[in-house]
1. In the stretch 114-171, with Lys and Arg counted as +1 and Asp and Glu as -1 at Cβ, which of these residues, Leu136, Thr166, Leu151, has the Cα nearest the positive end of the dipole, that is, farthest along it?
2. If packing is taken as the mean number of other Cβ atoms within 10 Å per residue, what is the order of 47-56, 172-181, highest first?
3. At a Cα cut-off below 12 Å, give the aspartates and glutamates reachable from Lys342, other chains included and same-chain residues fewer than 8 away excluded.
4. What is the extension gain from Arg370 to Ser54, computed as 0.36 nm multiplied by their sequence separation minus the C-alpha to C-alpha distance, in nm to one decimal?
5. Please work out the FRET efficiency for the pair Asp152 and Leu179, using the Cβ-Cβ distance as r and a Förster radius of 22 Å; give the result to the nearest 0.05.
6. Using the alpha-carbon centroid of each, what span in Å lies between the stretch 356-373 and the stretch 200-272?
7. Classify the stretch 5-88 as rounded, prolate or oblate from the Cα gyration tensor: take a ≥ b ≥ c as the square roots of its eigenvalues, call it rounded if a/c is under 1.5, otherwise prolate when a/b beats b/c and oblate if not.
8. What is the calculated FRET efficiency for Asp205 to Asp120, with r their C-beta to C-beta distance and R₀ = 45 Å, to the nearest 0.05?
Amino acid sequence: MDKGKAAREQQIAVFGESGSGKTVLISSFYGSALEPHFMKDSLFNVVADDAAQSVQLHQNYLGMRDSANLPMGTRFSTTPYAFSVKRKESAPHAKQSRSPETLRLIWHDYPGEWFSREPDGADETQRRLDTFRSLLGSDVALLLVDAQKLLDNAGDEERYLKSLFTNFRIRLQNLKEDLLVEGKPLVRFPRIWMMALSKSDLLPDLDVIGFRDLVIGKAGGELVELRNALASLVESNDALSVGEDFVLLSSAKFEPGKIEVAERIGLDLLLPIAAMLPFSRHVKWAKAMHKGGEVAEELMNKVRPLATLIGGRIKFSGPLGAAVAFLGPHIADIASKMVGDKLVDLNRTATIKRDFLTATLTGFQLKLDRAVDELVLLRSLK
Ligand SMILES: Nc1nc2c(ncn2[C@@H]2O[C@H](COP(=O)(O)OP(=O)(O)OP(=O)(O)O)[C@@H](O)[C@H]2O)c(=O)[nH]1
Ligand SMILES: [Mg+2]
């Protein structure tokens, strides 16, 4: 296995109904990374790998920022977006490092209209299936809950939330037969399904705890059914978090005739979520699988390169073998270093040593911790 490559490629899948804010989200994510102050303060640059996508996303962003123009609804476009997170020329880097110091984020956007209607013929059925298959390499899936819809149904939010989860579950079940080969559950599957409140600027008084309580309180039953539907697709379905992690997102503040793109919530968490959230979760799950096996191996495959990267600087006692049982304690040790003061130390040391990747990844972890304190992010308590 090419450890370097696996270490650096994170995939995220974003699901949301039509109009729930997916295109605005990715445009704001990318456009804001091209703003001078971001480029000045950050250790890295974010670059869209595809030149045409880069222009299109940047144009969307500038249209919002300068002319209050909104991007068009997305139809039939299902190509994933690939971003490289590259060390800035001026940023710290290890002198002896020969590896290209790049992280990659692949962003899969599942068309919103596919949520709400039946496929239009065999072609579209196939396209839905292909699109879904392409995002199975993601570790994290975001399911968008639209704050505008919550507002529209104020006092009666269960109407919207129940139908959101139920529609999604039904579409998923419709895919099941074609998705599974001979009914065999999938080993490779997004195992963290996070609830994200899009347009959270519309509900300024709702923090992430309030959001969780609303979702569970009003549609807990539907969420359990959704979890069961997802679980029926995957091998070792104990290793699955559905609706246990929550985040608030807002791509901008929308006022009549004006879009304030500088006022964002949670967008700076997207890279850290994709890169770091699966880390400790996978370690925990793999450890619980005493017998190892295919799923434990797959979970550790995702974690091992990151642990090697960070752990390499902490020094392992003993060589890094392939056996999960052997790697377990070492990786758990790394995971335990990714909290509190130890994390701050690790980040500081990496920055002093001009070690770009470790500085960036520990910086991501610190950012997630801060978002928890600020009630923007809630991680699974399990
Ligand atoms: N207040 C607020 N409104 C938003 C935000 N993001 C999107 N919107 C509004 O929601 C509309 C739809 O957003 P899109 O990003 O185009 O939605 P989409 O999910 O891509 O929809 P489809 O392409 O049809 O699947 C926008 O035109 C904005 O009016 C946000 O962060 N805050
Ligand atoms: Mg769109």
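1. After comparing all options, I get Leu136.
2. Values: 47-56: 14.7, 172-181: 13.0.
Top to bottom by mean Cβ count within 10 Å: 47-56, 172-181.
3. Here the aspartates and glutamates satisfying the reach criterion relative to Lys342 are Asp333.
4. On the way: separation 316, 0.36 × 316 = 113.76 nm, distance 2.98 nm.
That works out to 110.8 nm of additional length.
5. 0.10
6. Going from one Cα centre to the other spans 20 Å.
7. On the way: a/c = 2.04, a/b = 1.20, b/c = 1.70.
Note, shape of the stretch 5-88 comes out oblate.
8. Details: r = 41 Å, r/R0 = 0.91.
It comes out at approximately 0.65.
Coordinate-derived values only; no laboratory data. Remember, it's a predicted structure, so these values are computed and weren't measured experimentally. Heads up, the Cβs are rebuilt from the backbone with ideal geometry, glycines too, and the neighbour counts pull from every protein chain shown.
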